[in-house]
1. If VAL512 meets every condition in (1) surrounded by 16 or more Cβ atoms within 10 Å (Cβ to Cβ); (2) among the β-branched types (Val, Ile, Thr); (3) part of a loop (DSSP other than H, G, I, E, B) apart from one, which number is that one?
2. In the list ASP443, ASP429, which residue meets the criterion of being of a type in the set (D, E, K, R) and surrounded by 17 or more Cβ atoms within 10 Å (Cβ to Cβ)?
3. Pick from segment 312-356 the residues that are in a loop (DSSP other than H, G, I, E, B) and small (Gly, Ala, Ser): which of them is farthest from LEU379 (Cα to Cα)?
4. Can we say ALA173 is modelled with pLDDT of 95 or more, outside any loop (DSSP other than H, G, I, E, B) and either surrounded by 24 or more Cβ atoms within 10 Å (Cβ to Cβ) or in contact with an Asp or Glu (Cβ under 6 Å, 6 or more places away or on another chain) (or both)?
5. Answer yes or no: is there a residue in segment 157-165 that is surrounded by fewer than 24 Cβ atoms within 10 Å (Cβ to Cβ) and part of a helix (DSSP H, G or I).
6. Quick check on this structure: which one of PHE252, PHE234, PHE216 is part of a helix (DSSP H, G or I), closer than 17 Å to ALA298 by Cα and not charged (D, E, K, R)?
7. Taking the stated definitions as given, is ASP43 in contact (Cβ under 8 Å) with a residue 12 or more places away in the chain and more than 30 Å from GLY130 (Cα to Cα)?
8. Considering only segment 267-276, I want to know if a residue exists there that is closer than 28 Å to ALA106 by Cβ and either assigned to a loop (DSSP other than H, G, I, E, B) or of a type in the set (A, V, I, L, M, F, W, C) (or both).
Amino acid sequence: MDVEKIKRERENWEKKFEKARERDIEFKTDSGIPVKRLYTPLDVKGEYTEKVGFPGQPPYTRGPYPNMYRGRVWTMRLFSGHGTPEETNERWKFLYKHGETGFSAAVDALTFNGIDPTNEDGAAEVGTSGVPLYCIDSMFALTKDIPIDKISVALVVEPFTSAPVCSMYFNMAKMKGYDIRNLMGTTQNDILTMTVGYIPYKNVPPNHLLRLACDFIEWTVPMGNVPKWHPINFTGYNYREGGIDAVQELGFVFASACSHIENIIARGWTVDDFVNRLAFHLSAHKDFFEEIAKYRAARRIWAKLMKDRYDAQDPRSMQFRFHVQTAGSSLTAQLPKINIIRTTIQALEATLGGCQSLHTNSYDEAICLPSKEAALIALRTQQVISDETRIVNTVDPLAGSYYVEWLTDEIEERVWDYIEEIERTGSIDKALSTGWLYKEMRDAFHKRQRRMEKGEEISIGVNKYPVPYDDVTDVFRTNEEAMKIEVERIKTLKKKRDNAKLESIFDKLRKVLEKEENVMPVMMEATKEGATVGEICDIYREIYGIWEPPLAI
């Protein structure tokens, strides 16, 4: 490459067209990165093998596997959960029949917060925002006739409820005759999703949430109980929905991952004992090229973190693999069918960026939980991309774009700076306790809101070509009898279980929590005997106390 020649020709081009008329707007990415009119080889720094390299080799910028989608396309996984476990089971079977390749159970608000429907707090919320999973009997209903030995299942629960809910799932599998060491799946188990992603009800302090999350990681993978499971899914998607940008999303994700890694290492394990089973869940937002560059930068950052900070020896430890969800916050109740277009473009970002698993949002999600028709269209969107576009024919097809490579470098540099800023506050639980992360979320939300109000961020049908809500769209309604059904399920369970034996196990759980031992062995005992999620979480609250997040700063 003749660098001097390119410099001369670019200077001549700039002089010739310096007065070319441009729109009177700021050209920048969603994260505020200024974008030049033109990018050339002069904008791409560093050696190819050092910065970009080859897929399946460090620094994994071009993908964790050498063949990527030429070997196997991404897992097609839609969130499902509504009404009762039986109804969610029907939705799973419907999507499986039509080609879904991974199941995901989004739980309802009560399960998420560790509250039984028999409790006076908010029983009306049963099944309205996800599937209710309060006891082991619910797991049998959820998975009836589902080949859980052949397909991975994601359980979208957090550290507060990950141990009880997942132990119910593992006990159910054992009772069905499965060897849980062969089960494939993912638990969200992310303390930031439970704190800055959503503000839960009657939560416990962050240091205890971190400990519970790491108990589950330790028990499943390095201890070898469920070694094929992904025991945590750092869910940048959920924080991104609160208004932060792409750089902050990766900063939150990696700073949180480092805190968990260091907790597990402090227990006596090496990074290579467990880190290749950690999972990540990122957003696909509006800025097409920035999101693709974000995924490429994320792989490079992770490889460097593992090699330079934690001295990982196993190449698998340096492979950053991730699930992507299209941006729910970009969907609008106005012109809801336009959401199909938004979702398709965002799904292209994810696949051109090399995701391992993808959730495409349903077009009606700004109005209600996904209807059957909308969920099928969301699945077909992925299938059209996979089977008709031929973007799967080659690995990392946008590599070599001067803009994409420059933007990948720029995002990486900004993320490293942001990780350092977060870590100056301490570990991730300290960043929560001090309120620092809440301030970042609050400021980002207000910044994005102002951009929308000023028209700097465009949303078709809302602040450009505005229209009223589409009253024609059918609204999916959840089962009005769900509360009655789930209350009866728990009452029936409590009548048939050995309540005296369970009280003894609860006392054992209290002692385990006080001694700070790993909670999972006693949790497996408790849920096998019929303990409910609410009963277990009430013991957490009893021992740890209830935390009030520092929201007002």
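1. If we test VAL512 against (1) surrounded by 16 or more Cβ atoms within 10 Å (Cβ to Cβ); (2) among the β-branched types (Val, Ile, Thr); (3) part of a loop (DSSP other than H, G, I, E, B), just (3) comes out false.
2. On the way: ASP443 fails: surrounded by 17 or more Cβ atoms within 10 Å (Cβ to Cβ).
Unique residue meeting the criteria: ASP429.
3. Residues of segment 312-356 in a loop (DSSP other than H, G, I, E, B): 312-314, 319-321, 327, 331-337, 353-356.
Adding the requirement that they be small (Gly, Ala, Ser) leaves 312, 327, 333, 353-354.
Working: ALA312: 37, ALA327: 15, ALA333: 20, GLY353: 19, GLY354: 18 Å.
Result: ALA312.
4. Values: modelled with pLDDT of 95 or more: yes; outside any loop (DSSP other than H, G, I, E, B): yes; either surrounded by 24 or more Cβ atoms within 10 Å (Cβ to Cβ) or in contact with an Asp or Glu (Cβ under 6 Å, 6 or more places away or on another chain) (or both): no.
No: the conditions fail for ALA173.
5. Scanning segment 157-165, I find no residue that is surrounded by fewer than 24 Cβ atoms within 10 Å (Cβ to Cβ) and part of a helix (DSSP H, G or I), so the answer is no.
6. Working: PHE234 fails: part of a helix (DSSP H, G or I); PHE216 fails: closer than 17 Å to ALA298 by Cα.
Unique residue meeting the criteria: PHE252.
7. Working: in contact (Cβ under 8 Å) with a residue 12 or more places away in the chain: yes; more than 30 Å from GLY130 (Cα to Cα): yes.
So ASP43 passes the test.
8. Within segment 267-276, the subset closer than 28 Å to ALA106 by Cβ is 274-276.
When the remaining residues are screened for being either assigned to a loop (DSSP other than H, G, I, E, B) or of a type in the set (A, V, I, L, M, F, W, C) (or both), the result is 274-275.
Yes, segment 267-276 contains a residue that is closer than 28 Å to ALA106 by Cβ and either assigned to a loop (DSSP other than H, G, I, E, B) or of a type in the set (A, V, I, L, M, F, W, C) (or both).
The values are calculated or read from the model by the stated rules, or taken from the named source; none is laboratory data. On a predicted model such as this, the values are computed, not experimentally measured, just so you know. Here the Cβ is made from the backbone with ideal geometry for all residues, glycine too, and neighbour counts use every protein chain on show.
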